[in-house]
Amino acid sequence: MSDGLKAVRPRRSRCRDCSKTSVLLPDYLLVRRVDEAAVIGSALVQKAGGIGHRKIALDICRPETTVRSWIRRFRENSEILLEHFVNWALALDATLSEIVPVGSLFADAINAIGIAARSLSIRFGPKPLWSQMSAMCGGRLLSNTNSPFPAPS
């Protein structure tokens with residue numbers, strides 16, 4: 001497609017036991033979001049670095065309202081996201097004993113995502129950071145909190 005847009009047709013799967021169907025998103029997408037996880041992630045990293053939503057929106061060519069909504073949702077869930085990705089990092093890397101806070105809760109959650117993704121890469125091989133993040137949270141990074149994240153096993 002033109003303008004950098006890419007058509008995606010997610011697969012649908014049916015459970016053999018209960019016959020329920022589910023849409024299977026690729027790991028580079030998030031649930032209920034049009035933009036790829038990497039685009040959203042880059043905006044969140046910039047915000048953690050202290051850049052405002054207007055400048056971020058200009059940088060990634062997205063509407064200000066869209067970027068602001070990503071940031072607000074991430075901020076609302078920062079504590080849960082921090083805990084979730086710290087748990088993943090600790091489960092994947094036995095050498096980690098703790099993750100040192102880097103500043104705000106928002107920045108700490110972004111840092112935890114990076115550490116968890118690095119741990120996953122070391123253990124299972126390299127993949128794009130934001131694809132790994134999406135896989136670790138089941139694509140629910142910006143979903144409401146009553147959607148449980150998949151726990152590390």
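Any read-out appearing in this document is the output of simple, stated calculations on the displayed coordinates, not a laboratory observation. Model, not experiment: these values are computed from the prediction. Note that each Cβ is placed from the backbone with ideal geometry, even for glycine, and that neighbours are counted across all protein chains shown.
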Inset, instruction - Taking only the stretch 43-64 into account, find how many residues are touching a residue at least 24 places away in the same chain (Cβ under 8 Å) and closer than 23 Å to A135 by Cα. - result: 5
Legend entry - Residue selected from the stretch 55-109 under the condition closer than 18 Å to S153 by Cα and of a type in the set (D, E), by the criterion farthest from the chain's Cα centre (by Cα): D93
